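Colleague: Please see the structure below; I have some questions.
Rule-based calculations on the coordinates, nothing more; no lab input. Just so it is clear, the model here is predicted, and its values are computed rather than measured. Note: ideal-geometry Cβ built from the backbone for every residue, glycine included; neighbour counts use all protein chains shown.
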Amino acid sequence: MDYSKLGGLVPAVIQDYLTREVLMVGFMNADAYARTQDTGYVTFYSRTRAQLWTKGETSGNRLAVISIATDCDEDTVLIQARREGDGNVCHTGERTCFSAGSKDPASISGSPAVTASEPRERATRTERGAGVPASERAGGPRGEAPGSNQEAL
Ligand SMILES: [Zn+2]
């Protein structure tokens with residue numbers, strides 16, 4: 001694990017192992033990561049309290065570790081976890097720390113961010129899709145010409 005980039009910490013993304021919801025994001029230092037592995041419960045390093053903090057130690061809403069993965073350059077942790085207690089991960093009482101801004105799923109799918117990015121993706125795919133055959137078609141005849149030139153040279 002590479003703790004050097006954030007001064008001894010790595011972000012830990014906590015994901016519900018069943019629903020795949022992102023529940024919360026915290027930070028871990030080497031001790032917190034070790035305790036998470038040893039105890040099987042998500043333990044963060046609290047930056048505000050400057051100490052280890054096992055999620056749910058007071059509320060009972062602990063996060064039981066199902067699996068731990070590190071990302072490609074080993075500076076971020078992804079933990080799939082099972083929610084214990086009342087299952088509400090956020091201290092506000094919401095199920096996830098990201099609930100507040102997205103209570104209506106319908107408004108997300110219709111939001112400008114999504115509709116704006118999708119056509120762009122499709123356009124790129126279409127350009128690529130149309131571009132390849134077009135260049136192949138264009139390259140075919142041209143390819144023969146340089147080929148015959150090269151042969152002539
Ligand atoms: Zn929260």
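Colleague: Name the residue, out of L52, L23, that is closer than 19 Å to D86 by Cβ and in a strand (DSSP E or B).
Modeller: L23
Colleague: If you don't mind, there's one more thing I want to ask. Among the residues of the range 2-13, is there at least one that is polar (S, T, N, Q) and not in a strand (DSSP E or B)?
Modeller: yes
Colleague: Could you look through the range 65-102, keep only residues that are closer than 11 Å to I14 by Cβ and free of Cβ contacts under 8 Å to residues at least 40 places away in the same chain, and pick out the one that is nearest to the ligand (Cβ to nearest atom)?
Modeller: Ranking the qualifying residues of the range 65-102, first place goes to V65.
Colleague: Something else about it: Show the residue pairs meeting these rules: Cβ distance below 8 Å; 6+ apart or different chains; first residue within the range 18-46 and touching a residue at least 24 places away in the same chain (Cβ under 8 Å); second residue in a helix (DSSP H, G or I) and surrounded by fewer than 22 Cβ atoms within 10 Å (Cβ to Cβ).
Modeller: Y45/D31
Colleague: Scanning the range 47-64 for residues that are touching a Phe, Trp or Tyr at 6+ places or on another chain (Cβ under 8 Å) and crowded, with 17+ Cβ neighbours inside 10 Å, which turns out nearest to Q15 (Cα to Cα)? Walk me through how you get there before you give the answer.
Modeller: Here is the first cut: in the range 47-64, the ones touching a Phe, Trp or Tyr at 6+ places or on another chain (Cβ under 8 Å) are 47, 51-56, 62-64.
This time we only want the ones that are crowded, with 17+ Cβ neighbours inside 10 Å, so: 52-53, 55-56, 62-63.
Details: L52: 20, W53: 18, K55: 14, G56: 15, R62: 13, L63: 10 Å.
My answer is L63.
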